[in-house]
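Remarks on the structure that follows.
The values are calculated or read from the model by the stated rules, or taken from the named source; none is laboratory data. Everything quoted here is computed from the prediction, not taken from an experiment. Cβ sites come from the backbone with ideal geometry, for glycine too, and all protein chains shown count toward neighbours.
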Ligand code: PGA
């Protein structure tokens, strides 16, 4: 059965003190509360916090993730951090291809494929983001667009490699805007993504793919979104910066 996951993407927020406090609060709350064992919890703090936060996480259900990694494995790439380095400080998953990386740092599908490969080779799980901008939805080309993002970045992998990948559908118009996709819009796209995956990797792998929804997920809308058949959890930005709110979202399953 595919895993249900709630992942918090902290983006470029918190200093080290605040970040450690937030991670500890989430960890303690998860330890104390009754969260169904099949639910995975991921937190993706800024790069500078990873090593220290790894030391304050006690509950094995809380999985540490990075927000990005280099597409290269080592060498003269000033400012870059490799997947291997992330793995060495306890990181278990890496967000790849977030729309902010695609839009502001020019990340192409080709680069994303290299990053995903590197993440898998270093025994971590890639969380691959896809999603359309508002103009593409208004033109009615959102399905086509998401299909091409998935085909270009993921279809070159073997089934074995593909089985490690988590997909996050994040309509760009819903990210940080307070405008969530309706549960029907999310379900429709998630079902389409699963079908797209099935056309290449077959029914079993498609059924086992965790597909997260991202874009203004909050405690007040998570239950409705997560109740959809093909929505397996959320990639949460703003609302993951508050431990109580994040826990409420986790409890929405
Ligand atoms: P948001 O961000 O929840 O603040 O909309 C989601 C994301 O960008 O992953």
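With respect to residue 7, determine if the residue is surrounded by 20 or more Cβ atoms within 10 Å (Cβ to Cβ), closer than 28 Å to residue 216 by Cβ and either in contact with a strand residue (DSSP E or B) (Cβ under 9 Å, 6 or more places away or on another chain) or free of Cβ contacts under 8 Å to residues at least 40 places away in the same chain (or both).
Yes, satisfied.
For residue 60, only one of the following conditions fails: (1) over 23 Å from residue 3 (Cα atoms); (2) surrounded by fewer than 19 Cβ atoms within 10 Å (Cβ to Cβ). What is its number?
So the condition that residue 60 fails would be (1).
Here is a yes/no grid of residues against (1) free of Cβ contacts under 8 Å to residues at least 12 places away in the same chain; (2) more than 30 Å from residue 54 (Cβ to Cβ); (3) not in a helix (DSSP H, G or I):
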site: 81; (1), (2), (3): no, no, yes
site: 146; (1), (2), (3): no, yes, no
site: 161; (1), (2), (3): no, no, no
site: 177; (1), (2), (3): no, yes, yes
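If residue 21 passes every condition in (1) in contact (Cβ under 8 Å) with a residue 12 or more places away in the chain; (2) farther than 24 Å from residue 117 by Cβ but one, which one does it miss?
Every condition holds for residue 21 apart from (1).
Of the residues 100, 161, 107, only one is at pLDDT 95 or above, in contact with a helix residue (DSSP H, G or I) (Cβ under 6 Å, 6 or more places away or on another chain), within 16 Å of the ligand (Cβ to nearest atom) and farther than 23 Å from residue 228 by Cα; which?
Every option except 107 fails the conditions.
Look at region 227-236 and say how many of its residues are closer than 13 Å to residue 42 by Cβ and either more than 14 Å from the ligand (Cβ to nearest atom) or assigned to a loop (DSSP other than H, G, I, E, B) (or both).
Residues in region 227-236 being closer than 13 Å to residue 42 by Cβ and either more than 14 Å from the ligand (Cβ to nearest atom) or assigned to a loop (DSSP other than H, G, I, E, B) (or both): 1 in total.
Given the options 93, 66, name the one that is within 23 Å of residue 238 (Cβ to Cβ) and touching a residue at least 60 places away in the same chain (Cβ under 8 Å).
Only one candidate passes the filter, namely 93.
Going residue by residue through region 203-226, is there one that turns out to be within 21 Å of residue 29 (Cβ to Cβ), away from the ligand (no atom under 15 Å from the Cβ) and in a helix (DSSP H, G or I)?
Among the residues of region 203-226, at least one is within 21 Å of residue 29 (Cβ to Cβ), away from the ligand (no atom under 15 Å from the Cβ) and in a helix (DSSP H, G or I), which makes the answer yes.
Which number in (1) under 14 Å from residue 41 (Cα atoms); (2) surrounded by 21 or more Cβ atoms within 10 Å (Cβ to Cβ); (3) within 14 Å of the ligand (Cβ to nearest atom) marks the one condition that residue 245 misses?
Every listed condition holds for residue 245 apart from (2).
Answer yes or no as to whether residue 88 is more than 27 Å from residue 244 (Cα to Cα), more than 15 Å from the ligand (Cβ to nearest atom) and surrounded by 15 or more Cβ atoms within 10 Å (Cβ to Cβ).
no
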